[in-house]
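These notes are about the structure you will find just below.
The values are calculated or read from the model by the stated rules, or taken from the named source; none is laboratory data. Owing to the predicted nature of the structure, the values given are computational and were not obtained by experimental measurement. In this analysis, Cβ positions are derived from the backbone assuming ideal geometry, glycine residues included, and neighbour counts consider all displayed protein chains.
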């Protein structure tokens, strides 16, 4: 029975209880989460949280005071290093106790005690719930929202709010539509002016045709000048090729006469 006793002695004497809390504190600092009974977890929280606050002040005096409670160099370094940086912005409540059921051997209620800032699952869930909050848009229809909410029951209020948001969006689009059309017309204007400057193909052919007719006789004369010398040279070559045949025939006639 603990009537009027503010301190839970955990059924142990002073030396045994101090050693127990030192071991639990060092294990919690190194692993960031341990499982134990609810009674030990509650006493451990009151034992360790003042030391965490002391670790925020990284001085020689603070280190000596914390080391006198922990008696472990590795735990002290972890507490003044990683943990102190993680909980620097938190004004207290560094540890969390979560009940986990009952122990199989003696049925003692068990719990998990952990550092709040080292639980990524809880922080992730908190960020998701914040992101799921409904965001309302402030617009000129704010006065209508107040009048509607005052006259509409709570069951229909969400539907009415959605309708008000849709109307506000339509108004915004109606206001911005003329500006968008003006910008589009400014961009499309140069494209419409380009075809007017291009000259049709028919006009180009009509202008070129007289020039071609005037230059045609000159082209024919140059062709004749280059072609006629070639034909004369070919005829001379042909005559030279016939001459050896005549000499061969004359030699044959001389041989026959000698015979």
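Counting residues in segment 83-95 that are modelled with pLDDT of 95 or more, part of a strand (DSSP E or B) and closer than 13 Å to residue 37 by Cβ gives zero. Look at residue 144 and say whether it is in contact with a helix residue (DSSP H, G or I) (Cβ under 8 Å, 6 or more places away or on another chain), modelled with pLDDT under 95, part of a helix (DSSP H, G or I) and within 26 Å of residue 161 (Cα to Cα). Judged against the criteria, residue 144 is a match.
Here are 27, 76: which of them is touching a helix residue (DSSP H, G or I) at 6+ places or on another chain (Cβ under 7 Å), surrounded by 15 or more Cβ atoms within 10 Å (Cβ to Cβ), over 23 Å from residue 1 (Cβ atoms) and without any contact (Cβ under 8 Å) to a residue 24 or more places away in the chain? Don't jump to the end; show me each part of the working.
Details: 27 fails: touching a helix residue (DSSP H, G or I) at 6+ places or on another chain (Cβ under 7 Å).
After ruling out the rest, the residue left standing is 76.
Looking for something under 20 Å from residue 88 (Cβ atoms), surrounded by 14 or more Cβ atoms within 10 Å (Cβ to Cβ) and free of Cβ contacts under 8 Å to residues at least 60 places away in the same chain - is there at least one such residue anywhere in segment 33-47? No, the conditions are met nowhere in segment 33-47. If you check 82, 116, 121, 65 for being touching a strand residue (DSSP E or B) at 6+ places or on another chain (Cβ under 6 Å) and either in the same structural domain as residue 23 (by TED's automatic domain parsing) or free of Cβ contacts under 8 Å to residues at least 40 places away in the same chain (or both), only one passes: 116.
For segment 87-123, the set of residues classified as under 19 Å from residue 59 (Cβ atoms) and surrounded by 12 or more Cβ atoms within 10 Å (Cβ to Cβ) consists of 87 only.
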